[in-house]
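Engineer: I am attaching a structure below and will ask some questions about it afterwards.
Derivation of every value follows stated rules applied to the coordinates shown; laboratory data play no part. Please read all numbers here as calculations on a predicted model, not as lab measurements. Every residue, glycine among them, receives a Cβ derived from its backbone with ideal geometry; neighbour counts consider all protein chains shown.
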């Protein structure tokens, strides 16, 4: 089963996301399926889809956390959604495992 996380960051410009994303690097992350970020109101929203919560947790600990510290990120994150999900692709639904 896929795992989705929707994160809202308040009081920070989308440039903060861009800087952190650049620090994470361009290489593929194990278990990462898709993601998107958008500017909203006084901050931005990030949606990511992972193969599993374990993949997201590993990425957060090994890549995202250090990148946030290096960037001096100041936004206030709120987890709007963090849950198992059914993945839907152009080819149709991906069966739950």
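Engineer: How tilted is helix 14-24 with respect to the longest principal axis of the chain? Cα atoms for both, answer in degrees (0 to 90, nearest 10).
Structural biologist: 70
Engineer: When the helices in the chain are scored as -39500 (n - 2.57) per DSSP H run of 4 or longer and the sum is shared across all residues, what 222 nm value do you end up with, to the nearest 500 deg cm²/dmol? Don't skip to the end; give the middle numbers.
Structural biologist: Values: 3 runs with 25 residues, N = 97.
The per-residue figure over the chain is -7000 deg cm²/dmol.
Engineer: Mind jotting down the distance between the C-alpha centroids of segment 2-21 and segment 70-84, whole Å?
Structural biologist: Their Cα centres are 6 Å away from one another.
Engineer: Can you give the three extents of the C-alpha atoms in the chain along their principal axes, from longest to shortest, in whole Å?
Structural biologist: On the principal axes, the chain reaches 39, 28, 20 Å in Cα extent.
Engineer: Please sort 14-22, 43-51 by packing, taking for each peptide the average over its residues of neighbouring beta carbons within 10 angstrom, highest first. Please report the intermediate quantities before stating the final value.
Structural biologist: Details: 14-22: 16.4, 43-51: 18.7.
Result, highest mean Cβ count within 10 Å first: 43-51, 14-22.
Engineer: Over the chain, what is the relative contact order in percent, taking alpha-carbon pairs closer than 8 angstrom and at least six residues apart? Mind dumping the intermediate values first?
Structural biologist: Values: 166 pairs, mean separation 44.1, N = 97.
Averaging sequence separation for qualifying contacts and normalising by length gives 45 percent for the chain.
Engineer: Sort the following peptides by mean Cβ neighbour count (other Cβ atoms within 10 Å, averaged over residues), highest first: 23-29, 65-71. Each step should come with its number before you reach the end.
Structural biologist: Details: 23-29: 11.7, 65-71: 14.3.
The packing order, highest mean first, is 65-71, 23-29.
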